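Data block below; observations after.
No value in this document is a laboratory result; all are computed from the given coordinates. Model, not experiment: these values are computed from the prediction. All Cβ positions, even for glycine, are placed from backbone atoms using ideal geometry, and neighbour counts span all protein chains on display.
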Amino acid sequence: MFSRLFSLTGMPMTFEPLFPTRRAALAGLAGLAGTALLARPGLATAAERALKPGQFIWQPELQKRGATSIIVSIGAQMMHVHRRGVRIGVSTVSTGKTGHDTPTGVFTILQKNKDHVSNIYEGAEMPFMQRLTWTGIALHAGNLPGYPASHGCVRMPLDFAELLFGATRLGTPVVVASAFSEPEPVSSPNFVGEFYSAKALAGLRRAERSYLSDDPEDRPVTSVLVSRQDSRAIVLQNGDIVAEGPVEIAEPDRPFPSNVFVLSGAGSDEEGLRWEAIGYSEGSDAQVSVPDSLTLDRIKAPADLAAAIAKRVAPGMLFVVTDDPLATDTRSASDFVVMTAEGEEE
């Protein structure tokens, strides 16, 4: 196996890998105006710290199949891309400047257009645009000066924007917050009150093999969002609400840690479901929450809602808990808002 690195001319330069296993493979692509970086997956944090504005790392060979999820850290001006719980990409970004702050929250990709021109800022080109709101917030290629400089969108390097465009589809979840922790593996046999026994896990393993053998476009992207304030959950599939209802939350007066869970798949019979957990902070001064698998044990859905979630459990499912209310409107940038596909383009 060889990893490919691309030069200024676009011609591939082939390098023999330094490590024999996929987990220790070289980065597939990295670039800053033609400047290449190499990174080992195990040293992703160090490689990320070395990135300069306009640089990125792209390692799709680490997880070739499964649903994609995107995390944007406003504080670090970085984007992390995960596929089936495995980080496959990291890029520098530029988010909204003061007065045009990028809203924080859970979004889904509503529209894709590789040749989009802004309707709000007339004539402004937005290559490889992926819309997050109907009021002008999107991911797209643009200038990266090394600090927040956009009118609210998340700008990316052009080459990275093209690669990301090919890795997502409508409904792909995008989480935007002030800061994030490193992904941490957690496992639990309990999920929204459903106990995943050995029998249930065996079925999930069979479904998992089928899931990963199909074209990813044939599989829906599912996100489950739970609000402690509302004591309510919504289930999004490809950006649309497909189920919702009240949930019971143990110790309802105790805040949730701000966590995002990305389902990796079935663990051992004792582990139950295996997740990659990421802590995030919603405000610039807030501390990043420590990922906590006990959060999964606090939530119980009624039988019909639990069943609707259970039949959609698949690698790459996103599970988000928040203390804030679930909402479909865009609020101020200090609020953490859950967006759905409702609305019309402006």
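Observations, loosely collected:
- 3J(HN,Hα) along the range 54-70, derived from phi through the Karplus expression 6.51 cos²θ - 1.76 cosθ + 1.60 where θ = phi - 60°, amounts to x, 8, 7, 10, 10, 10, x, 5, 5, 8, 7, 10, x, 5, 9, 9, 10 Hz, with x in place of Gly and Pro.
- Placed amide H near G89: partners under 5 Å, 5+ positions off or other chain: Q59, V81
- Taking a straight Cα-Cα cut-off under 24 Å and skipping sequence neighbours fewer than 8 places away in the same chain, the lysines within cross-link reach of K311 are K64, K199, K300.
- Sequence-ordered 3J(HN,Hα) estimates for the range 225-234 from the Karplus curve with 6.51, -1.76 and 1.60 and θ = phi - 60° stand at 10, 10, 10, 5, 5, 8, 6, 9, 10, 10 Hz, glycine and proline given as x.
- Peptides 128-140, 145-157 ranked from most to least packed give 128-140, 145-157, packing being the mean of other C-beta atoms within 10 angstrom over each peptide's residues.
- Between E162 and A202, full extension at 0.36 nm per residue minus the direct alpha carbon distance yields a gain of 10.6 nm.
- Built amide H within the under 5 Å cut-off of V154, gap 5+: A138, L139, H140
- Under the Debye formula (equal points on every Cα, no solvent term), log10 I(q)/I(0) of the range 119-171 at q = 0.13, 0.21, 0.27, 0.29 Å⁻¹: -0.30, -0.77, -1.18, -1.28
- Amide proton proximity set for G267, modelled H, under 5 Å, gap of 5+: G272, L273, R274
- Potential lengthening between S268 and A50 on full extension [0.36 nm per residue; Cα-Cα distance subtracted]: 74.8 nm
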